[in-house]
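Heads up, the thing below is written out as structure tokens.
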Amino acid sequence: MNDVMTLSQRADALEEKMARELDYIVIKSRLYSMAEGDMGPAPNAAALMKGNPNARVLMGDDPRLPAMPEKPTLMDFFKHRFGPCMHLLQSARHAVNAGLPEKMVLACLLHDVSTIGFIRGDHGYWGAQLVEPYVDEEVTWAIRAHQVLRFYPDESVGYEYPQSYITSFGQEYRPDPYIEADYKRMRNHKWYMAGRQITVHDIYSFDPNVHPELEEFEDVIGRNFRQPEQGLGFDNSPVAHMWRAMIRPAKYL
Amino acid sequence: MNDVMTSSERADALEHKMMQEMNEAIAVKSRLFLLADGDFAMPNGAKLQQAHPGAKMLMGDDPRLPAMPDKPTLIDFFKFRFAPAMHLLQSARHALVAGMPEKIVLASLLHDIGVIGFIRSDHGYWGAQMVEPYVDEEVTWAIRAHQALRFYPDEEAGYAYPDNYKAYFGEDYKPEPYIEEEYKRARAHKWYGTARMITVHDIYSFDPEVHVELEEFTDIVGRNFRQPEEGLGFDSSPSAHMWRTLRQPTKYL
């Protein structure tokens, strides 16, 4: 590492190198840069293009990522965009074994979809928003709620505060006030138990011997996820742009 | 950039530097942000903690970013999160000088907050989604639609296809089918004229002589943006988590 260069100079140098190597130019989104602690202004596309007159800013598919079908399904996102999903598969299998209704199996299968495919912070809220047009209202509600309910034990169903949270966040970690306020709202909601069931089947201990396949849940998805005919991202739903952002996360505009 | 270091050495060195900057909290990049770098890695929190005993996963403010007030306003996001806003300020001033109603001035002021503050790809849709709970429905609609209308000239309104789009995307660039569809819908909509006005006042030629201050629009924002009392991000609105992500882009969960 050349410590003489600031982080943002280094990012610029990388970007210039990339633009020279490729025939397209990627300008990072503000949110992505801030997640690197970089508050500097984005590099100027016009200036980068002067250095590489044949390049264009990226407006189509990103050649660095696997190609997606024109009308992508939820399965296609699992296969070509999401990270490893063993935790979700194990949770869904756990819910099946416990005899939960299909709707709850789907909720378990999708509860961390934002963690493995989108944005980690507030992943329950993001995940619920992503699937809202395509699933039962109770599933959306439960996915949103699980993030909050995870921090609060419920002895009546044998749910304890997770050991892994103590390790990850420290013994004295307390949820933010907005989480506390949401917990109070959710505790009294008619669908409380749906959100709570997700936490009960939220399997932490990754068991290397249990290997459910995504295909096991193909029918549950087919019956409970309203796959849009035009493909996720192209159905003009209120969240279509969010799925498009996963298809082309570095599109210029 | 020191070319003698391998990329994994560089990654280690970067991680070390980050740990120092972060006061021994571990910030993990979200899947979407990594995908935007063409990176398919899935960071493992437990392994990162093993490598940095005593460190906790970041669940609060990111020390690399400016602190934000407890109850942040739209103006606070302009000041502490958004990139320089001169393009938006010049557009809003342009709309004001042309005698546009306050609602359109506000729409011009906010039309690109997806670009300067969030995610570039489909920025009109992102920007609209963020402000929807706080502005007139027509303003939301116009911000969403401006992204599609920018690609289509309207001689009657005095709007031509932007020269810089030719430079950026190539002479032969054609908008994608979903944009084409959006344009057709928007063209026939009762609020077409409002969104078209955003494009008319969307000032490209950055004039270094014109310095517009955000404070010029304090009153227009005050009268037309329903600032939530609890602060943006903490009002339990459907877009609250989006503003929270902007505040804490590296929150672990």
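Values for this structure:
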| item | result |
| --- | --- |
| Residue check, B:Phe217 more than 20 Å from B:Arg93 (Cα to Cα), within 23 Å of the chain's Cα centre (by Cα) and touching a residue at least 12 places away in the same chain (Cβ under 8 Å) | no |
| Options A:Trp243, A:Trp191: the member that is surrounded by 15 or more Cβ atoms within 10 Å (Cβ to Cβ), assigned by TED's automatic domain parsing to the domain that holds A:Tyr152 and in contact with a Gly (Cβ under 8 Å, 6 or more places away or on another chain) | A:Trp243 |
| Residues located in region A:77-93, provided they are crowded, with 19+ Cβ neighbours inside 10 Å and part of a helix (DSSP H, G or I) | A:Phe77, A:Phe78, A:Leu88, A:Leu89, A:Gln90, A:Ser91, A:Ala92, A:Arg93 |
| Candidate set from region B:29-48 (those that are part of a loop (DSSP other than H, G, I, E, B) and over 14 Å from A:Ser114 (Cα atoms)); member that is nearest to the other protein chains (Cβ to nearest Cβ) | B:Gly38 |
| Selection within region A:86-97 - at pLDDT 95 or above and within 14 Å of chain B (Cβ to nearest Cβ) | A:Leu88 |
| Out of A:Arg226, A:Arg174, sole residue that is more than 14 Å from every other protein chain (Cβ to nearest Cβ), out of contact with any Asp or Glu (no Cβ under 7 Å at 6 or more places or on another chain) and at negative phi | A:Arg226 |
| Conditions (1) more than 30 Å from B:Pro238 (Cα to Cα); (2) of a type outside the set (A, V, I, L, M); (3) touching a helix residue (DSSP H, G or I) at 6+ places or on another chain (Cβ under 7 Å): number failed by B:Tyr192 | (1) |
| Count of residues meeting criterion [polar (S, T, N, Q) and loosely packed, with under 14 Cβ neighbours inside 10 Å] in region B:203-235 | 2 |
| B:Ala186 being more than 20 Å from the chain's Cα centre (by Cα), outside any loop (DSSP other than H, G, I, E, B), at pLDDT below 95 and surrounded by 13 or more Cβ atoms within 10 Å (Cβ to Cβ) | no |
| Every residue from region B:171-181 that is surrounded by 13 or more Cβ atoms within 10 Å (Cβ to Cβ) and under 18 Å from A:Ile25 (Cβ atoms) | B:Tyr173 |
| Filter result for B:Arg64 (at the interface with chain A (Cβ under 8 Å from one of its Cβ atoms), touching an Asp or Glu at 6+ places or on another chain (Cβ under 8 Å) and either at pLDDT below 90 or assigned to a loop (DSSP other than H, G, I, E, B) (or both)) | yes |
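The values are calculated or read from the model by the stated rules, or taken from the named source; none is laboratory data. Keep in mind that what you see is a predicted model, and the values were worked out from it rather than measured. Heads up, the Cβs are rebuilt from the backbone with ideal geometry, glycines too, and the neighbour counts pull from every protein chain shown.
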